[in-house]
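J.: Right, I'll just put the structure down here and ask away after.
The values are calculated or read from the model by the stated rules, or taken from the named source; none is laboratory data. Keep in mind that this is a model prediction, so the values were computed, not measured. Cβ placement follows ideal geometry from the backbone for every residue including glycine, while neighbour counts extend to all protein chains displayed. Surface areas here come from the heavy atoms of the whole protein model, side chains and all, with no ligands, DNA or RNA. Shrake-Rupley method; radii C 1.70, N 1.55, O 1.52, S 1.80 Å.
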Amino acid sequence: EIVKLQQVVGAEKSRAVAARSGSAARLSPFDWPWAMAPEEGIEYGGELLPPADFEAELKPWQVGAWNGKGKGGVDTADHHSGNQCVRIDVPPDSGSQAVTVLNWANWGGGGLNLTLEGERMYEFSAWAKSQERGTPPEMRVALPPGAATESRSGADKPTPDGWQRLWTRLETAYPVPPKYLAVWVQGPGTVLIDDLSLREVIPPPLSISLDQGEYDSADKLGAATVTVSKRVTPAQMRFSLLAGGGKTVRQLSAPFRPEVSVASSAPAQGGLMVVAPASLASSRFIFDPSALPAGKYEAVAELLDAKGEALASRTTAFQR
């Protein structure tokens with residue numbers, strides 16, 4: 001919010017200076033709003049874990065003190081859903097290196113027998129509530145080195161009663177069985193854990209973003225980045241610039257080749273050029289904003305089938 005406020009204030013100051021001087025001075029790039037991709041809702045696949053709400057029993061999960069004297073088990077005093085959760089207690093004198101985990105492993109009779117598909121995004125999550133602790137536990141999926149091409153962790157906003165959904169998302173490079181899944185509690189304190197989940201994150205079929213949200217007459221190059229999900233194989237991709245009222249002012253279509261390498265850039269068509277280093281699965285459409293009359297516009301990316309019918313479409317707005 002602070003960054004957005006700084007942008008608005010800076011832009012207004014620059015416009016005021018230009019108005020007072022009576023000049024059409026070009027604004028600094030930092031005075032223009034940052035282009036932002038539209039927020040996409042997250043879609044999930046089916047649940048990959050057996051019920052992990054701990055209403056029946058702890059198994060196949062187990063609590064283990066991997067370092068220190070932490071302990072835990074099913075508890076009925078508090079819970080996120082149902083009537084029970086897992087409570088982990090680590091003594092105050094344990095120190096910051098004490099590690100206690102709620103885990104399901106593929107060794108020692110743990111019975112974890114799960115293979116994650118390659119080139120997929122997965123999310124491992126749990127609801128947690130901490131007591132006498134400054135940091136929440138971590139969600140961990142143990143994979144061999146190099147098996148995850150991307151990973152990041154986060155937490156949703158806590159509920160009024162203190163429960164918070166924690167998650168980690170990772171993208172697999174190839175089919176791989178995890179060594180273990182764990183809620184990793186490091187340091188002393190008490191943690192309540194409930195409702196574990198492992199699901200595939202289904203990406204949108206198509207996304208589009210612009211390098212800027214506004215252009216002026218001095219901007220000779222604009223770039224729209226278009227990304228296509230690996231789950232989708234259209235016949236063509238079409239990129240269009242639309243003026244007010246939906247009138248097409250620029251348009252370019254290209255055959256979609258998700259695996260076969262294509263030229264680094266295709267010849268310009270109607271004032272547009274596509275740059276695709278490997279394939280149209282990730283590409284940039286280049287245009288000249290200064291050639292457009294002042295006004296409001298939309299950049300539209302479409303995936304088409306063999307008959308030219310739209311399979312998916314995404315739009316982002318900009319101003320010239």
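J.: With VAL176, VAL232 as the choices, which residue is under 26 Å from ALA147 (Cβ atoms), touching a strand residue (DSSP E or B) at 6+ places or on another chain (Cβ under 6 Å) and not small (Gly, Ala, Ser)? First the steps, then the outcome.
T.: Working: VAL232 fails: touching a strand residue (DSSP E or B) at 6+ places or on another chain (Cβ under 6 Å).
After ruling out the rest, the residue left standing is VAL176.
J.: Return a yes/no flag: does segment 115-122 have any residue that is in a loop (DSSP other than H, G, I, E, B) and of a type in the set (Lys, Arg).
T.: If we filter segment 115-122 for residues that are in a loop (DSSP other than H, G, I, E, B), which is where we start, we get 115, 117-120.
Then keep just the ones that are of a type in the set (Lys, Arg); that gives 120.
Checked against the condition, which is being in a loop (DSSP other than H, G, I, E, B) and of a type in the set (Lys, Arg), segment 115-122 yields at least one hit.
J.: Could you give every pair whose Cβ atoms fall below 6 Å, whose first residue belongs to segment 145-164 and is among the basic types (Lys, Arg), and whose second residue is assigned to a strand (DSSP E or B), counting only separations of at least 6 or pairs across chains?
T.: Going by the 6 Å Cβ cut-off, the qualifying pairs are ARG152/ARG169.
J.: In segment 144-158, what residues are open to solvent by 50 Å² or more (accessible area, probe 1.4 Å) and part of a loop (DSSP other than H, G, I, E, B)? Steps first, please.
T.: Keep residues of segment 144-158 that are open to solvent by 50 Å² or more (accessible area, probe 1.4 Å), which gives 144-146, 149-153, 155-158.
Matches in segment 144-158: PRO144, PRO145, GLY146, ASP156, LYS157, PRO158.
J.: I would also like to ask the following. Which members of segment 89-137 meet the condition of being among the charged types (D, E, K, R) and either more than 28 Å from ALA77 (Cβ to Cβ) or at pLDDT below 95 (or both)?
T.: Restricting attention to segment 89-137, the residues satisfying the condition of being among the charged types (D, E, K, R) are 89, 93, 117, 119-120, 123, 129, 132-133.
Within segment 89-137, ASP93, GLU117, GLU119, ARG120, GLU123, GLU132, ARG133 qualify.
J.: Here's a follow-up. Just a yes or no: is a residue in segment 252-263 modelled with pLDDT of 85 or more, polar (S, T, N, Q) and either open to solvent by 60 Å² or more (accessible area, probe 1.4 Å) or outside any strand (DSSP E or B) (or both)?
T.: From segment 252-263, those modelled with pLDDT of 85 or more are 252-253; that's our starting set.
Checking the rest, the ones that are also polar (S, T, N, Q) come to 253.
Still in the list and also either open to solvent by 60 Å² or more (accessible area, probe 1.4 Å) or outside any strand (DSSP E or B) (or both): none.
Checking segment 252-263: not a single residue is modelled with pLDDT of 85 or more, polar (S, T, N, Q) and either open to solvent by 60 Å² or more (accessible area, probe 1.4 Å) or outside any strand (DSSP E or B) (or both).
J.: Please specify each residue of segment 279-308 satisfying the condition of being in a loop (DSSP other than H, G, I, E, B) and not acidic (Asp, Glu).
T.: Taking segment 279-308 first, the residues in a loop (DSSP other than H, G, I, E, B) are 279-281, 288, 292-295, 305-308.
SER279, LEU280, ALA281, LEU292, PRO293, ALA294, GLY295, ALA306, LYS307, GLY308, listed by residue number.
J.: Being touching a residue at least 60 places away in the same chain (Cβ under 8 Å) and crowded, with 20+ Cβ neighbours inside 10 Å is the requirement here; does VAL141 meet it? Show your work before the answer.
T.: Numbers: touching a residue at least 60 places away in the same chain (Cβ under 8 Å): no; crowded, with 20+ Cβ neighbours inside 10 Å: yes.
Judged against the criteria, VAL141 is not a match.
J.: Please give the strands (runs of 3 or more DSSP E) falling wholly within segment 159-235 in which 2 or more residues are crowded, with 17+ Cβ neighbours inside 10 Å and at pLDDT 95 or above. Talk me through it step by step, then tell me what you get.
T.: Details: elements: 164-172, 180-186, 189-202, 206-210, 222-228.
Answer list for segment 159-235: 164-172, 180-186, 189-202.
J.: Consider only pairs whose beta carbons are under 7 Å apart and that are at least six residues apart or on different chains; among these, list those whose first residue lies in segment 114-133 and is under 16 Å from LEU48 (Cβ atoms) and touching a residue at least 60 places away in the same chain (Cβ under 8 Å) and whose second residue is open to solvent by less than 10 Å² (accessible area, probe 1.4 Å) and assigned to a loop (DSSP other than H, G, I, E, B).
T.: LEU114/PRO178; LEU116/PRO178
J.: Something else now. For SER96, state whether it is open to solvent by less than 50 Å² (accessible area, probe 1.4 Å) and assigned to a loop (DSSP other than H, G, I, E, B).
T.: Details: open to solvent by less than 50 Å² (accessible area, probe 1.4 Å): no; assigned to a loop (DSSP other than H, G, I, E, B): yes.
In short, no.
J.: For segment 73-87, give me the residue count where each residue is buried (at least 17 other Cβ atoms within 10 Å of the Cβ) and under 30 Å from the mean Cα position of the chain (by Cα).
T.: So the answer is 4.
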